[in-house]
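Just below is one structure, and these are the notes that go with it.
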């Protein structure tokens with residue numbers, strides 16, 4: 001082999017070595033580029049998932065807030081309507097009591113109250129001022145001597161009996177009965193309707 005062949009062979013070996021190194025460097029660069037690309041994709045996907053999760057959370061919070069507000073408005077409207085109906089109901093009840101007091105049955109009822117619950121001697125029977133004209137008829141059904149007085153706290157009707165020593169008061173007024181019914185209703189029935197269990 002002459003010098004030119006040796007040179008050609010040497011150049012070819014150098015070229016092959018360079019090509020091999022270039023190929024190795026390209027493969028390394030490609031592997032690095034692929035790794036960077038995968039890492040970048042993973043970060044992008046993770047970032048997108050976080051952004052999506054945050055957006056879902058924000059939307060869910062807004063939706064929940066709207067549902068709560070709507071529920072609150074509905075419950076408030078329902079309670080207002082219920083209260084209006086109860087007010088109407090109690091006004092009708094009050095009107096029935098007023099009509100009863102204006103009827104002829106009221107005087108008989110007052111007499112039966114004193115007949116069934118006889119006051120002791122020297123007791124005081126408290127009436128509203130409008131009922132004072134019936135004190136003679138009421139005194140006639142009492143077995144003991146009693147005194148009749150006006151009680152300005154009685155508005156609807158009925159009577160109270162105060163013992164002789166003033167220690168006991170039997171309240172048999174329509175005012176007290178109405179008040180007790182109202183209290184019992186609110187105490188024994190739930191706001192959303194029905195009796196308490």
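Every read-out reported here was derived from the displayed coordinates using simple, explicitly stated rules and does not represent laboratory data. These numbers come from a predicted model, not from an experiment. No Cβ is skipped: glycine too gets one built from the backbone with ideal geometry, and neighbour counts run over all protein chains shown.
Observations
- Angle in degrees between helix 105-116 and the longest Cα principal axis of the chain, rounded to the nearest 10: 80
- The stretch 104-188 - Rg (one decimal) and Dmax (whole number), Cα, Å: 13.1, 41
- When each of 19, 151 is scored by the number of other beta-carbon atoms lying within 10 Å, the sequence from fewest to most is 19, 151.
- Segment residue 87-residue 99, length gained on full extension (0.36 nm per residue, minus Cα span): 2.5 nm
- P(r) tail, the stretch 1-60: Cα-Cα pairs separated by more than 18 Å, 64% of all pairs.
- Across the stretch 153-173, the residues whose backbone nitrogen lies under 17 Å from the label position 7 Å along the beta-carbon direction of residue 147 are 160-170.
- The distance from the alpha carbon centre of the stretch 18-48 to that of the stretch 86-133 is 99 Å, rounded to a whole number.
- Note on the chain: antiparallel DSSP beta bridges, both residues inside, total approximately 70 percent of the bridges counted.
- Comparing 105, 118, 32 in a Gaussian network model of the chain, where Cα atoms under 10 Å apart are tied by springs, the biggest mean-square fluctuation is seen for 32.
- Considering only 41, 176, 120, the mean-square fluctuation computed in a Gaussian network model of the chain, springs between alpha carbons under 10 angstrom, is largest for 41.
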